[in-house]
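Okay, so here's the structure we're looking at.
The values are calculated or read from the model by the stated rules, or taken from the named source; none is laboratory data. In this text, all values refer to a predicted model and were calculated from it rather than measured experimentally. Using ideal geometry, Cβ is built from the backbone for each residue, glycine included, and neighbour counts are taken over all protein chains shown. What goes into the accessible areas is simple: the full protein's heavy atoms, side chains included, and nothing from ligands, DNA or RNA. Shrake-Rupley method; radii C 1.70, N 1.55, O 1.52, S 1.80 Å.
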Amino acid sequence: MLPALALARPHQYLKNGFVLLGPLFAHQWDLVTLSQALLAFLAFCCMASAVYVLNDIMDIEADRAHPVKCRRPLPSGAISLGTAKRLLAGLVVGSVALSLLVSGWVTLFVASYFVINIFYSWHLKHVVILDVFLISSGFMLRILAGTVGLGIAPSAWLLLCGLMVTLFLGFAKRRAELLMLEAT
């Protein structure tokens with residue numbers, strides 16, 4: 001159970017808090033809106049975990065050769081490839097089911113997030129600058145799920161600030177990785 005939990009990376013769920021920005025800034029804190037926002041948050045948690053599992057499946061051989069990533073559940077053998085694939089399928093189905101409980105828009109945004117990350121994991125994470133824009137698009141989909149998906153009109157300021165913050169974080173992360181590589 002612990003290796004499956006480690007593979008799902010729940011410590012990364014904080015990123016899905018972007019879904020909650022819509023109700024927060026629109027001051028829509030009624031029980032229905034907050035319940036829908038929570039379901040959308042959980043849908044993105046499941047889909048984010050599915051993406052991590054997918055990425056680990058696609059990178060299993062490279063991760064086995066990596067000094068740190070080789071300890072992850074899949075490359076270390078703590079979880080079999082078959083189990084990882086079943087976990088991936090279950091997380092995708094759970095995510096879609098949760099998003100369907102909220103709205104078609106949330107389902108569209110969650111599905112778009114998955115499709116973007118399939119291409120990201122497959123090859124686009126190695127394309128400089130485009131990788132950061134794809135990461136940023138995942139955050140923007142979360143913001144849209146928490147606004148449009150909940151029937152809240154997103155303000156231009158929320159969308160613009162969300163885009164700028166996520167691009168800044170993405171480029172800052174890439175810069176930190178480059179500095180670390182230069183140091184080693």
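Of everything in the range 128-143, what is of a type in the set (D, E, K, R) and free of Cβ contacts under 8 Å to residues at least 60 places away in the same chain? Give them in sequence order.
Step one: filter the range 128-143 for residues of a type in the set (D, E, K, R), giving 131, 142.
Listed by number, the list holds a single entry, ASP131.
Do we find a residue being surrounded by fewer than 15 Cβ atoms within 10 Å (Cβ to Cβ) and either free of Cβ contacts under 8 Å to residues at least 12 places away in the same chain or more than 30 Å from VAL32 (Cα to Cα) (or both) anywhere in the range 103-111? I'd like the intermediate steps shown before the answer.
Of the range 103-111, the ones surrounded by fewer than 15 Cβ atoms within 10 Å (Cβ to Cβ) are 104.
The next check asks that each one be either free of Cβ contacts under 8 Å to residues at least 12 places away in the same chain or more than 30 Å from VAL32 (Cα to Cα) (or both); those that pass are 104.
The answer is yes, given that some residue of the range 103-111 is surrounded by fewer than 15 Cβ atoms within 10 Å (Cβ to Cβ) and either free of Cβ contacts under 8 Å to residues at least 12 places away in the same chain or more than 30 Å from VAL32 (Cα to Cα) (or both).
Is it fair to say LEU141 is of a type in the set (A, V, I, L, M, F, W, C), surrounded by 20 or more Cβ atoms within 10 Å (Cβ to Cβ), modelled with pLDDT of 95 or more and under 26 Å from LEU98 (Cβ atoms)?
Values: of a type in the set (A, V, I, L, M, F, W, C): yes; surrounded by 20 or more Cβ atoms within 10 Å (Cβ to Cβ): yes; modelled with pLDDT of 95 or more: yes; under 26 Å from LEU98 (Cβ atoms): yes.
Spelling it out, LEU141 is indeed of a type in the set (A, V, I, L, M, F, W, C), surrounded by 20 or more Cβ atoms within 10 Å (Cβ to Cβ), modelled with pLDDT of 95 or more and under 26 Å from LEU98 (Cβ atoms).
Give just the number: which of (1) more than 17 Å from TYR52 (Cβ to Cβ); (2) surrounded by fewer than 17 Cβ atoms within 10 Å (Cβ to Cβ) does ALA78 not satisfy?
(1)
Which residue is farthest from PHE25 (Cα to Cα), if the candidates are limited to the range 106-135 and must be polar (S, T, N, Q) and modelled with pLDDT of 95 or more? Talk me through it step by step, then tell me what you get.
Taking the range 106-135 as the starting set, the residues that turn out to be polar (S, T, N, Q) are 107, 112, 117, 121.
Narrowing the set further to residues that are modelled with pLDDT of 95 or more leaves 107, 112, 117.
On the way: THR107: 22, SER112: 24, ASN117: 28 Å.
Here the residue is ASN117.
State whether the residues of the range 39-56 include one that is under 11 Å from the mean Cα position of the chain (by Cα) and at positive phi.
no
Out of all the residues in the range 151-177, which are farther than 21 Å from PHE119 by Cα, under 19 Å from the mean Cα position of the chain (by Cα) and open to solvent by less than 40 Å² (accessible area, probe 1.4 Å)?
GLY162
With respect to the numbered conditions (1) over 26 Å from GLN36 (Cβ atoms); (2) open to solvent by less than 30 Å² (accessible area, probe 1.4 Å); (3) of a type in the set (Val, Ile, Thr); (4) part of a helix (DSSP H, G or I), which one is the sole condition not fulfilled by ILE118?
Among (1) over 26 Å from GLN36 (Cβ atoms); (2) open to solvent by less than 30 Å² (accessible area, probe 1.4 Å); (3) of a type in the set (Val, Ile, Thr); (4) part of a helix (DSSP H, G or I), ILE118 violates only (2).
With the condition being open to solvent by 20 Å² or more (accessible area, probe 1.4 Å), at pLDDT 95 or above and closer than 26 Å to LEU167 by Cβ, I'd like the helices (runs of 4 or more DSSP H) fully within the range 3-66 carrying at least 1 qualifying residues.
Output list reads 21-26, 31-58.
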